[in-house]
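Note sheet for the following structure.
The values are calculated or read from the model by the stated rules, or taken from the named source; none is laboratory data. None of the values given here were measured: they were computed from a predicted structure. Here the Cβ positions follow ideal geometry from the backbone for every residue, glycine too, while neighbour counts run over all protein chains shown.
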Amino acid sequence: MGARTPRRLLLIQGAALALAGCGFQLRGAPELAFSSLYINATDNSALGTELKRNLASLGTLQLVSEAAQANTAQAILDVLTEQREKTVVGVNASGQVREFQLRVRVRFRLRTPQGKELIPDTELLQQRDISFNETAVLAKESEEALLYRYMQTDIVQQLMRRLAAVRTI
C-alpha cells in the first residue's frame with residue numbers, strides 16, 4: 001500500500017500538469033464592454049428579473065432601473081418577446097396525451113441610446129420533452145414548472161455570454 005501512494009501522487013500531478021498545459025481554465029465572470037445597462041423588459045418578467053440579478057452580481061456593471069433615465073446608460077437591452085409554449089407531441093391509441101414539448105422563446109436586441117445596433121434582433125429557443133400521465137397530474141405540473149425554470153436559466157446564461165461577446169460600443 002505504501003508503494004501505491006507515490007504512484008497516485010505522480011498520476012495526480014501529471015493530470016494537473018496536463019490540464020494546465022492545455023490552457024484549461026474555469027469560466028469566470030464575463031467582462032462587458034459597457035459599464036451601464038438599461039434592461040427594457042416588462043415588470044412581471046421572470047426572465048428579466050433573473051437576468052438583472054445575474055448582471056448585478058458582476059459588481060462592475062451599473063444597472064439603470066428607471067425608464068426615464070434609459071438614455072444615460074451606455075447600452076440598452078430590449079427584450080422584445082418572451083413566450084412559453086406547450087404543444088402535444090405524443091398520444092396513445094385512444095387519443096390521450098402521453099407527451100408534451102415545452103418551449104421558451106426569447107427575442108432581444110442590444111443597442112446604444114443613439115440607436116447603434118450592437119446585437120441585432122436575435123431569438124433564443126429552448127425546448128424540452130416531458131411525458132404525461134393523468135394519474136400523476138400534480139407531479140407532472142411540478143416537473144413542468146421546474147423544466148421551464150431550467151430553460152429560463154439556460155437562456156439567461158446564453159444572454160450573458162452574448163452580452164460578454166460585444167467588444168465595442
*Name the pairs: first residue in segment 50-63 and under 18 Å from M151 (Cβ atoms), second residue buried (at least 16 other Cβ atoms within 10 Å of the Cβ) and of a type in the set (S, T, N, Q), Cβ to Cβ under 8 Å, at least 6 apart or on different chains?*
E50/Q152
*Here are some residues: L32, L26, L61. Which one is aliphatic (A, V, I, L, M) and either modelled with pLDDT under 80 or out of contact with any Ser or Thr (no Cβ under 8 Å at 6 or more places or on another chain) (or both)?*
L26
*Mind counting the residues in segment 112-142 that are more than 26 Å from L77 (Cα to Cα), without any contact (Cβ under 8 Å) to a residue 24 or more places away in the chain and touching a strand residue (DSSP E or B) at 6+ places or on another chain (Cβ under 6 Å)?*
0
